[in-house]
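Peer 1: Handing you this structure, nothing more for now.
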Amino acid sequence: RTRGWCSAHYQRWQRHGNPVAGRTPEGALSAFLDKAISDQTDDCILWPFSTTQDGRAKLTIDGRVRMAARVVCARAYGEPPSPKHEAAHSCGKGHEGCVNPRHLRWATRRENEADKLLHGTHTRGERSSLAKLTESQVREIRRRASRGETQRSIAKAYDVTPRNIRFIIRRESWAWLSS
């Protein structure tokens, strides 16, 4: 069924008509990185190679997958101040594969999360793939609790645990949301 090829070569044949097509030409990635670092544009430089499922630029170095923004940031500004520092985007387009060194800087997790809030790219609340509630439901939960309804009955109505309701009421979760 796969013409005797492994899965990767068969998929390349299906996509490109050639089992060895679709690979990055030798030296293309290095040339792109060198050009991106020397480029003086203020526009986003979008990564044309492999990306993660959410669109972030990635590459493989010595058999290890690395985030391209981190590699570019290290090449442009040196190694991070600590292993916990992240390559943060001032443009808010990291999820679109931007690797312009003028848009990158080393930042702590807290600083990077604050940037995401400014750019509107943070995945908190309804935007989280794990969210079970909407903003309007959270507001309604707080209203019901303020009228004296039990956490257990509210939890049952929304198919969540009483603990979740308690966190919402105490603003330990959904804290940014005004009632």
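The values are calculated or read from the model by the stated rules, or taken from the named source; none is laboratory data. Quick caveat, the model's predicted, so the values are computed rather than measured. Glycine also receives a Cβ, built like all others from the backbone with ideal geometry; neighbour counts cover every protein chain displayed. All accessible areas refer to the heavy atoms of the entire protein, side chains included, with ligands and DNA or RNA removed. Shrake-Rupley method; radii C 1.70, N 1.55, O 1.52, S 1.80 Å.
Peer 1: Leaving out ligands and nucleic acids, note down the accessible area per residue over the range 1-74 with a 1.4 angstrom probe, in whole Å².
Peer 2: It amounts to 71 Å² per residue over the range 1-74.
Peer 1: Another question, then. Determine the dipole magnitude for the range 97-179: charges of +1 sit on the beta-carbon of Lys and Arg, -1 on that of Asp and Glu, nothing else is charged, the reference point is the Cα centre, and the result goes in debye to the nearest 20.
Peer 2: For this selection, approximately 240 debye.
Peer 1: Working from the pairwise distances between different alpha carbons, so that the mean of 1/r is found and then inverted, what is the chain's Kirkwood radius in Å?
Peer 2: 20.0
Peer 1: Given charges of +1 on the Cβ of Lys and Arg and -1 on the Cβ of Asp and Glu, with all other atoms neutral, how large is the dipole of the chain about its Cα centre, in debye to the nearest 20?
Peer 2: 960
Peer 1: Quickly work out the residue 110-to-residue 31 label distance, labels modelled 7 Å from Cα along the C-beta direction, and quote it in nm with one decimal.
Peer 2: Here the modelled spin labels are 4.5 nm apart.
Peer 1: What's the carbon and sulfur percent of the chain's accessible surface, probe 1.4 angstrom, rounded to a whole number?
Peer 2: 48
Peer 1: Give the longest segment of the chain that steers clear of trypsin sites (Lys or Arg not before Pro) in DSSP loops with at most 14 neighbouring Cβ atoms within 10 Å, not counting the sites themselves.
Peer 2: Free of exposed loop sites, the longest segment is 24-83.
Peer 1: Follow-up question, since we're still on this one. How large is the convex hull of the C-alpha atoms of the range 36-79 per residue, in Å³?
Peer 2: In the range 36-79, the Cα hull volume divided by residue count equals 90 Å³.
Peer 1: Using a Förster distance of 41 angstrom, determine the FRET efficiency expected from the C-beta separation of residue 79 and residue 149, and round it to 0.05.
Peer 2: In this case the efficiency is close to 0.15.
Peer 1: Can you count the Lys pairs in the chain with C-alpha separation below 25 Å, eight or more apart or on different chains?
Peer 2: Lysine pairs meeting the criterion: 10.
Peer 1: Further, regarding this structure: What relative contact order, as a whole-number percentage, does the chain give when Cα pairs under 8 Å and 6 or more residues apart are counted?
Peer 2: 14
Peer 1: Probe of 1.4 angstrom, ligands and nucleic acids ignored: what's the accessible area per residue over the range 124-179, in square angstrom?
Peer 2: 69
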